[in-house]
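Take a look at the structure below.
The values are calculated or read from the model by the stated rules, or taken from the named source; none is laboratory data. Since we're looking at a predicted model, the values are computed, not measured. Positions of Cβ are generated from backbone atoms using ideal geometry, with glycine treated the same way; all protein chains shown enter the neighbour counts. Ligands, DNA and RNA are stripped out before the accessible areas are found, and what is left, the full protein with its side chains, is counted by its heavy atoms. Shrake-Rupley method; radii C 1.70, N 1.55, O 1.52, S 1.80 Å.
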Amino acid sequence: MAQGQNEEEWATLMRAAIGGDSAAYQTLLQSLSNVLRPSVRRGFAQAGAPLGDVEDVVQETLLALHLKRNTWDPSQPLGPWVRAIARHKLIDALRRRGRRVQIPIDSVLDTLSVQEDNSGVDRQDAERLVDGLAGRQRDVVRAISLEGQSIREVAERLNMKEVAVRVALHRGLKTLGAQHRKDQDE
């Protein structure tokens, strides 16, 4: 957060807001949200977390500020108090999320495509390997990998949710990879 002039302005606005000036309070909240948003975004990025919850943390911070505004000491600068609230809200959000980093599969699908290589496995071998998969995994992997259908098309055809198709694809490819490594070791 900025120091100096913003600190003085925020403190003045907060004193006025506590005194009942709703316009000052609105100005304060707007100014703080404009400074909090990039700060919280940076915190999420440094933690390797998706940025989807940034606005929630900003709003939770502003709500906490509203609920606890009478605990602020008007003789003190407002910035450190707001930063402390924001830091705690950010930490809470990261804890709720856990240490998992979630990457949407759509963002990595291009990296899953492989240049066609006829040196080891041809179409018949690929079909034979895919046939070794169980039920839905086999249907999904065959449709996407061998027939070139999209996830949406497969989901509609198999009456599945797109996320379930992605999971089946991931698990099927993982199984095929393990089988391929096992075959290589033998």
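Based on what the data block shows, is ARG87 open to solvent by 80 Å² or more (accessible area, probe 1.4 Å) and either at pLDDT 85 or above or among the hydroxyl-bearing types (Ser, Thr, Tyr) (or both)? Yes. When GLN30 is tested against the conditions (1) in a helix (DSSP H, G or I); (2) open to solvent by less than 90 Å² (accessible area, probe 1.4 Å), the lone failure is (2). Taking every residue in region 50-71 that is touching a residue at least 12 places away in the same chain (Cβ under 8 Å) and among the small types (Gly, Ala, Ser) and pairing it with any residue that is part of a helix (DSSP H, G or I) and surrounded by 11 or more Cβ atoms within 10 Å (Cβ to Cβ), at least 6 positions away or on another chain, the pairs with Cβ-Cβ distances below 6 Å are ALA64/ILE85. When region 44-69 is filtered for residues that are of a type outside the set (A, V, I, L, M, F, W, C) and within 22 Å of PRO80 (Cβ to Cβ), the ones remaining, listed by number, are GLN46, GLN59, GLU60, THR61, HIS66, LYS68, ARG69.
Residues are listed down the side, and each one gets a yes or a no for (1) assigned to a helix (DSSP H, G or I); (2) more than 14 Å from LYS89 (Cα to Cα); (3) in contact with a Phe, Trp or Tyr (Cβ under 6 Å, 6 or more places away or on another chain); (4) open to solvent by 40 Å² or more (accessible area, probe 1.4 Å):
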{"site": "ALA11", "(1), (2), (3), (4)": "yes, yes, no, no"}
{"site": "ALA17", "(1), (2), (3), (4)": "yes, yes, yes, no"}
{"site": "TYR25", "(1), (2), (3), (4)": "yes, yes, no, no"}
{"site": "ASN34", "(1), (2), (3), (4)": "yes, yes, no, yes"}
{"site": "PRO38", "(1), (2), (3), (4)": "yes, yes, no, yes"}
{"site": "ARG41", "(1), (2), (3), (4)": "yes, no, no, yes"}
{"site": "GLY52", "(1), (2), (3), (4)": "yes, yes, no, yes"}
{"site": "VAL58", "(1), (2), (3), (4)": "yes, no, no, no"}
{"site": "ALA64", "(1), (2), (3), (4)": "yes, no, no, no"}
